[in-house]
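**Q** Attaching a single structure in structure tokens format; questions to follow.
The values are calculated or read from the model by the stated rules, or taken from the named source; none is laboratory data. Everything quoted here is computed from the prediction, not taken from an experiment. Please note: Cβ atoms are built from the backbone with ideal geometry, for glycine as well, and neighbour counts cover all protein chains shown.
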């Protein structure tokens, strides 16, 4: 479980993280180095930034869902008054609603959870656990899900060809598209 992070942002303020050799300051206009911060200080700030980046999509999605739950349409209209992209916020909110806190795996990225969001609860748990255990990237998880789905729902279409040559051409075209194809003569 990731440790909680308290974040308070006051416009115009800078957020120093003091070090003996130098200071890294996080502000609304970016990051500044005063002096020469130690490598350990860079590591500490980098770890904090990585954690914040990892959690941002969850924060935004949960923020939107909670606001909508508590304030309904009035809250949804607030989205127009933020600098947030509405399509992105709604995507984050969809994933956050479909994968509640108790099913989230903190060792995996938001992208992993997005891949399983449309699955039923048991399948979400199963695929997230497999992704964590086997070290799947979100792209690998998507490929594995597609492969499993294709195998479970394979359909065959029977196409009548006029000549054996037409049958071979159709078969070759389907194979070139990455589809399975068989030529069966009667």
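**Q** Can you list the helices (runs of 4 or more DSSP H) found entirely within the stretch 60-136 that contain at least 1 residues being out of contact with any helix residue (DSSP H, G or I) (no Cβ under 9 Å at 6 or more places or on another chain) and in contact (Cβ under 8 Å) with a residue 12 or more places away in the chain? Working first, answer last.
**A** On the way: elements: 86-98, 110-116, 121-134.
The qualifying helices (runs of 4 or more DSSP H) are 121-134.
**Q** Within 25 Å of the chain's Cα centre (by Cα) and either modelled with pLDDT under 85 or surrounded by 13 or more Cβ atoms within 10 Å (Cβ to Cβ) (or both): which single residue out of 112, 53 fits that description?
**A** Going through 112, 53 in turn, just one is within 25 Å of the chain's Cα centre (by Cα) and either modelled with pLDDT under 85 or surrounded by 13 or more Cβ atoms within 10 Å (Cβ to Cβ) (or both): 112.
**Q** To continue, here is another question. For the stretch 15-49, which residues satisfy the criterion of being at pLDDT below 80 and surrounded by 14 or more Cβ atoms within 10 Å (Cβ to Cβ)?
**A** 15, 19, 22
**Q** Determine which single condition residue 108 fails, assuming it passes every other condition in (1) farther than 30 Å from residue 25 by Cα; (2) in the same structural domain as residue 138 (by TED's automatic domain parsing).
**A** The one condition residue 108 does not meet is (1).
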